Amino acid sequence: MSGPTQLLDESPLLDRVQAPAGQGREILDAATREVVGHAPVHTAADLDAAVAAAKAAQPAWAGLGHERRSALLLEAADAIEAHAEPLARLLSREQGKPLNGPNARFEVGACATWLRAAATTPLEPEILVDDETGHAELVYRPVGVVGAIGPWNWPLMIGIWQIAPSLRMGNTVVVKPSEHTPLSVLAMAAVLNDVLPDGVLAAVSGEREVGAGLAAHPDVDKVMFTGSTATGRKIVEASAGNLARLTLELGGNDAGIVLPGTDPKAIAQDLFWGAFINTGQTCAALKRLYVHDEIYEDVVAELAALAEGTPMGNGLDEDNVLGPLQNAQQYDIVRSLVDDARERGGRVVAGGGPAPELGPLFYRATIVADVADGVPLVDEEQFGPALPVIRYSDVDDAVASANRLDAGLGASVWSADRDAAREVAARLQAGTVWINGHGGLHPMVPFGGVKGSGYGLEFGIEGLKSVAVPQVISG
Ligand code: NAD
């Protein structure tokens, strides 16, 4: 591991990864719109070279064995922690998320946690038959070269979710960060590469064509993709060419259902952060909330008070826990969905418009009551700080509403009655259903979507298996 342990400023790290002066693509601070740095723009030839290096390095990396690879991943986790503050600052500037709250420092901390979990989770051979009829066991071998393609909302954490298990299982990785947040991912890769052998991890930076080139590359054996459902479909098409195995973590439109008899005050904070974590730019955030008529107004009032009272602003200011939208496209989506909901009769009880005094991409934390299924703010993924709250009187109707969309990443049920909540949870079509919480993840608990939210699992033993190929040893 290299570098001092108490680095605070992001500029040395940035200088290691950005394009030479006068070259590359400008990356703006999401809060101030000042230039953070210049991302290299890699070409098709750069991509080919990165994949070729990864392919060449893979047999020796696999040959190191689990123990040595895991030891290196633990060192890599230490290296991330040694650079935690500059990584968090760079992430905060580029992505917009504040240092504090469930945001930039939290994200960098999670990278170390997930690296350690991938390094220390055992994956033993499975004995399938061992009796007078014979012996057969299932072992997990590396797939080869993994292409890791990520989004802009949690760029470091999602990058590690793809990189850590892949490396642990003896694969090499070429990572392609989102064109909106390349610098922080390149910086993290540089920190990891202080520890890893050459060729084991490469980062290529560029627009969507670079992602498309990686997904379709003949020498890529597995694609880990996190991003929109539309791009996910293109990756499935690309896999017809190289037959790459796929893990697809796609968009979500998670529903939460608050059952009658629930105390609004007791759940308000967790509901709020379930929806507004990372200023709503989270795949498995609560994106539409169904509340029983009996407690509807009280839940709406609690959420409105939190939305109005939670500090928003520049992420480097230690007081703020909500930030801007990361980019203008997403800002426009949120703004038009809320305007449209208002025009259709939605009651805006908090926020409801831009916060230009904070910067051009800030939009106030918004709660919209009295909306119904069919309103685009309910039916489409807003991916920002605006939560629609829908009234229901029959739990069966709320379950039907939750299940009616082609998305199934997460869902939640809120009630003091655990049995009632579990009964409703069992009827929801989602990869994860949380009870009295939303979006909490654990490195040992598999995570993945159903329906339009994709397929394949990440984390824990299932996550390791998904970046490996099963092999039967028989006899
Ligand atoms: P996006 O699909 O636009 O881009 C994601 C990545 O794919 C980027 O790196 C992009 O350059 C690349 N890409 C674009 N076209 C490509 C192609 N044809 N082939 C290969 N790669 C291509 O998504 P985004 O806007 O960055 O992210 C937001 C979306 O991601 C939201 O829908 C959100 O719900 C989803 N998301 C899902 C999860 C999850 O775990 N399920 C997590 C975070 C975000």
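The values are calculated or read from the model by the stated rules, or taken from the named source; none is laboratory data. Everything quoted here is computed from the prediction, not taken from an experiment. With ideal geometry, Cβ positions are generated from the backbone for all residues, glycine too; neighbour counts draw on all protein chains shown.
Hey, among SER239, SER228, SER166, which residue is in contact (Cβ under 8 Å) with a residue 12 or more places away in the chain and closer than 29 Å to SER70 by Cα? Of SER239, SER228, SER166, the one residue that is in contact (Cβ under 8 Å) with a residue 12 or more places away in the chain and closer than 29 Å to SER70 by Cα is SER166.
I'd like to check which strands (runs of 3 or more DSSP E) are fully inside segment 373-475 and have at least 3 residues that are buried (at least 24 other Cβ atoms within 10 Å of the Cβ) and either in the same structural domain as ILE235 (by TED's automatic domain parsing) or of a type in the set (A, V, I, L, M) (or both). Walk me through it before giving the result.
Details: elements: 386-392, 410-414, 432-435, 468-474.
Of the strands (runs of 3 or more DSSP E) lying wholly inside segment 373-475, those with at least 3 residues that are buried (at least 24 other Cβ atoms within 10 Å of the Cβ) and either in the same structural domain as ILE235 (by TED's automatic domain parsing) or of a type in the set (A, V, I, L, M) (or both) span 386-392.
A single entry from ALA187, ALA215 fulfils the requirement of being more than 11 Å from the ligand (Cβ to nearest atom) and assigned by TED's automatic domain parsing to the domain that holds TRP61: ALA187.
Kindly check whether there is at least one residue in segment 314-321 that is touching a Ser or Thr at 6+ places or on another chain (Cβ under 7 Å), modelled with pLDDT of 95 or more, assigned to a strand (DSSP E or B) and buried (at least 24 other Cβ atoms within 10 Å of the Cβ). The answer is no; no qualifying residue exists.
Being among the polar types (S, T, N, Q), assigned by TED's automatic domain parsing to the domain that holds ALA50, near the ligand (Cβ under 10 Å from one of its atoms) and outside any strand (DSSP E or B): is that true of SER239 here? Walk me through how you get there before you give the answer.
Working: among the polar types (S, T, N, Q): yes; assigned by TED's automatic domain parsing to the domain that holds ALA50: yes; near the ligand (Cβ under 10 Å from one of its atoms): no; outside any strand (DSSP E or B): yes.
For SER239, the condition - among the polar types (S, T, N, Q), assigned by TED's automatic domain parsing to the domain that holds ALA50, near the ligand (Cβ under 10 Å from one of its atoms) and outside any strand (DSSP E or B) - is not met.
Only one entry in ASP293, ASP298, ASP221 is within 25 Å of the chain's Cα centre (by Cα) and either more than 9 Å from the ligand (Cβ to nearest atom) or assigned by TED's automatic domain parsing to the domain that holds SER166 (or both), namely ASP221. With respect to the conditions (1) within 25 Å of the chain's Cα centre (by Cα); (2) under 21 Å from GLU209 (Cα atoms); (3) in a loop (DSSP other than H, G, I, E, B), ALA31 lacks only one, and its number is (2). Taking the conditions exactly as written (free of Cβ contacts under 8 Å to residues at least 24 places away in the same chain, farther than 28 Å from SER184 by Cβ and either out of contact with any Asp or Glu (no Cβ under 8 Å at 6 or more places or on another chain) or among the aliphatic types (A, V, I, L, M) (or both)), does GLY309 satisfy them or not? Taking the combined requirement at face value, the residue satisfies it.
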